[in-house]
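Written out below as structure tokens is the structure these notes cover.
What follows draws every value from the coordinates through simple rules; no lab data is involved. What you are looking at is a predicted structure, and each value in this text was computed from that prediction instead of being measured. Cβ coordinates were reconstructed from backbone atoms using ideal geometry, including for glycine residues, and neighbour counts include every protein chain displayed.
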Amino acid sequence: MNAPPTRAPQDPRARAAMEQVPLDMVPPKPVITLENIFDPETDYEKWMMRLIWTDRERGQKVREEWIAGLPYFDGPADNSDILPPGAPPPNVPLHWLRVPIHFTPLPDPRYTRSVYIAKNYFTFTRIEPAQELFARIYGGSRPRRILDFGTGLGTSAMALARLFPQAEVIGIDLAPHFVRFARKWAERERIPNVTFYLQHAGETVFADDSFDIVNESYVLHEMPQPEAAKIVHEMRRVLRPGGRASWVDVIYDDTEEERQARVQRARGPEPFLGEYMKLNVEQTVRASGFINVSKLRDPNWDCMVITAVKL
């Protein structure tokens, strides 16, 4: 019988599936190309993910070797293919280039497959449950324009686009390979009303008061506190008066002891989580001038959701 992982994904479906993967039998390593990069997770990848959760040090070595053999999801050096029309290249903060997140520096254009298969382990990386969550948050709304900050591979932006097919949805991210991957994924999913651009979420080129809904999902905990605060202020700037905003992110626990315990559990893959706990998203949102600020916990998600309105 396989021993259960020493750690396991929060998603119960993923946790149960992971416990069925034997660690003592290494499946053949697949060849991932740009042609099959959207294929279902392979047995080798399932084995690797369980190894990462069970023996982090050994698992990360295996993962680094695997990522080194993945295809480059790349494009023109000037990224002209993914910039908003007429926009200059975004400024790139130093922390983003220097501090590995989840053990892998984000600028690595081979990283997309690794994030894509994570949708089998984390609720927020799948379009369907994200759409259900946004329906609870924004049910009854009739937005015309939506901006998704730090969209990653585009899951949250695509969920919003499916929920509001009449709206123009834009997802932005600082990783060029994520933006290109998101465009291809949305095309495969046949979601025509979503567009993805390369942008710094704290310094976008979009006009004041130009969106009806703005959202970030699991972005603010991945950066230094001042950068996270900039994004909150930028979300308010581009949101129209009366527009609604949402932050879906790591739980801010009730006590300092609980917060520090969460930081310790995430040491390594989440290098900025300690700064995030000092940020206090809810207080930052209020201080930025939002009104009707509320916070909820979803038992099906390992997250908190903060919502607010721009006066």
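Please give the calculated 222 nm ellipticity per residue for the chain, where each DSSP H segment of at least 4 residues contributes -39500 (n - 2.57) and the sum is spread over every residue; nearest 500 deg cm²/dmol? Intermediate values should be presented prior to the final figure.
Values: 12 runs with 115 residues, N = 311.
The helix contribution divided over the chain gives -10500 deg cm²/dmol.
Restricting the stretch 221-303 to trypsin sites (Lys or Arg not before Pro) that sit in a DSSP loop and have at most 11 other Cβ atoms within 10 Å of their own Cβ leaves Arg267. Each of Glu64 and Gln283 was given a label point 7 Å from its Cα along the Cα-to-Cβ line. The distance between the two points is 3.7 nm. For the stretch 160-221, the calculated P(r), taken from all Cα-Cα distances in 10 Å bins from zero up to the bin holding the longest distance, is 19, 53, 27, 0 percent.
Each peptide in 149-157, 112-120, 81-89 was scored by the mean count of other Cβ atoms within 10 Å over its residues; highest first, the order is 149-157, 112-120, 81-89. Student exercise: in the chain, how many lysine pairs 8 or more apart or on different chains have Cα atoms under 22 Å apart? The number of close lysine pairs in the chain is 12.
Work through the residues other than His177 whose Cβ is under 9 Å from its Cβ and net out their charges, Lys, Arg +1 and Asp, Glu -1.
Numbers: positive: Arg110, Arg180; negative: Asp74, Asp108.
Residues near His177 contribute 0 overall.
Antiparallel DSSP bridges in the chain: what percent, to the nearest 5? Antiparallel: roughly 40 percent of the beta bridges in the chain. Rank Phe211, Phe73, Phe103 by mean-square fluctuation in a GNM of the chain with C-alpha springs under 10 angstrom and give only the top-ranked residue. Of Phe211, Phe73, Phe103, the most mobile in the Gaussian network model is Phe103.
What translational diffusion coefficient, in µm²/s and rounded to a whole number, does the Stokes-Einstein relation yield for the stretch 7-71 at 25 °C and a viscosity of 0.890 mPa s, taking the hydrodynamic radius as the Kirkwood radius over Cα pairs? Present the calculation step by step, with values, prior to reporting the outcome.
Details: Rh = 12.5 Å.
Estimated diffusion coefficient is 196 µm²/s.
Using only the Cα atoms, work out Rg/Rh for the stretch 119-310, with Rh taken as the Kirkwood radius, to two decimals. Walk me through the numbers before you get to the answer.
Details: Rg = 15.6 Å, Rh = 16.6 Å.
Radius of gyration over Kirkwood radius for the stretch 119-310 works out to 0.94.
Rounded if a/c is under 1.5, else prolate if a/b beats b/c, else oblate: with a ≥ b ≥ c from the C-alpha gyration tensor eigenvalues square-rooted, which is the stretch 122-176? Note, shape of the stretch 122-176 comes out oblate.
To make sure I understand, if each residue's beta carbon is the centre and we count other beta carbons within 10 Å, what order do His221, His102 fall in, fewest to most? Intermediate values should be presented prior to the final figure.
Working: His221 21, His102 17.
With the fewest neighbours first, His221, His102 line up as His102, His221.
Here the chain is treated with +1 on each Lys and Arg Cβ and -1 on each Asp and Glu Cβ, and its dipole about the Cα centre works out to around 420 debye. Between rounded, prolate and oblate, where does the stretch 1-153 land on the alpha carbon gyration tensor, with a ≥ b ≥ c its root eigenvalues, rounded for a/c under 1.5, else prolate if a/b exceeds b/c? Judged from the Cα gyration tensor, the stretch 1-153 comes out oblate (a/c at least 1.5, b/c at or above a/b). Which of the three applies to the stretch 223-307, rounded, prolate or oblate, going by the alpha-carbon gyration tensor with a ≥ b ≥ c and a/c under 1.5 meaning rounded? Prolate shape, in that a/c is at least 1.5 and a/b is the bigger ratio. On the basis of the beta-carbon distance and an R0 of 30 Å, Ser210 and Ala266 show a calculated FRET efficiency of 0.30.
Order of 132-142, 44-54 by packing, highest average Cβ count within 10 Å first? Show your work: numbers first, answer last.
Values: 132-142: 14.9, 44-54: 20.4.
The most tightly packed comes first, giving 44-54, 132-142.
A simple spin-label model places pseudo-atoms 7 Å from Cα toward Cβ; at Glu132 and Glu57 they are separated by 3.9 nm.
What ranking do 188-197, 34-43 get when scored by the average of other Cβ atoms within 10 Å per residue, highest first? Present the calculation step by step, with values, prior to reporting the outcome.
Numbers: 188-197: 17.1, 34-43: 13.5.
Descending mean neighbour count gives 188-197, 34-43.
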